[in-house]
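S.K.: One structure coming up, written as structure tokens, with questions to follow.
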Amino acid sequence: VQLQASGGGLVQAGDSLRLSCAASGQTSSSYASGWFRQAPGKEREFVATINWSGSILYYADAVKGRFTISRDNSKNTVDLQMTSLKPEDTAVYFCAADPSGTTVFVPTASLYWGLGTQVTVSS
């Protein structure tokens, strides 16, 4: 599975952004998806995850109520709608996929990763 994230940019605090992750390759199999982010000097951290059917969703406490993860399996895309953005949301955002799991919480090397997309929130 190859992943490509897009939609990042420079916004002001309070604005919204929608990130999208497009999957290609062996997308006929079901896979869990997740979004992670990494700020300068910090470790990659979990943001949100969704199972194949979209019935199981989890969010990091820092984004709960502001971010929404969704997927469209017909288009092989997983989106992250981000609202009420804060300067502390500034990071490179990565999407990940796990063909063997239900959800994705830990950013391990065994996952499929896309190149990140930069999100910068100015105060």
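S.K.: With a point put 7 Å past each Cα toward its Cβ, work out how far residue 10 is from residue 30 in nm, to one decimal.
M.R.: With each label placed 7 Å out from Cα toward Cβ, I get 4.4 nm.
S.K.: Another question about this same structure. On alpha carbon coordinates alone, what is the Rg over Rh value for the chain, Rh being the Kirkwood radius?
M.R.: 0.94
S.K.: Quick one: pull the percentage of alpha-carbon pairs in the stretch 63-105 with a separation above 15 Å.
M.R.: The answer is 55 percent, as a whole percent.
S.K.: Provide the per-residue ³J(HN,Hα) series for the stretch 54-62, in order, calculated from phi with Karplus coefficients 6.51, -1.76, 1.60 and θ = phi - 60°, each as a whole number of Hz, with x at glycine and proline positions.
M.R.: Coupling constants for the stretch 54-62: x, 8, 10, 10, 9, 9, 5, 4, 5 Hz.
S.K.: What is the chain's relative contact order, in percent, from Cα pairs under 8 angstrom and six or more apart in sequence?
M.R.: 38 percent
S.K.: If I model a spin label as a point 7 Å beyond the Cα along the Cα-Cβ vector, how far apart are those points for residue 58 and residue 108 in nm?
M.R.: 1.3 nm
S.K.: Treating cross-link reach as a plain straight distance, find the aspartates and glutamates whose alpha-carbon is under 19 Å from the alpha-carbon of residue 64, omitting any fewer than eight places away in the same chain.
M.R.: Partners within reach: 15, 45, 79, 88, 89.
S.K.: Compute the separation of the alpha-carbon centres of the stretch 35-70 and the stretch 101-123 and state it in Å as a whole number.
M.R.: 8 Å
Values quoted throughout were computed directly from the atomic coordinates according to the rules given, and no laboratory measurement underlies them. Predicted, not measured: the structure shown is a model, and the values here were computed from it. With ideal geometry, Cβ positions are generated from the backbone for all residues, glycine too; neighbour counts draw on all protein chains shown.
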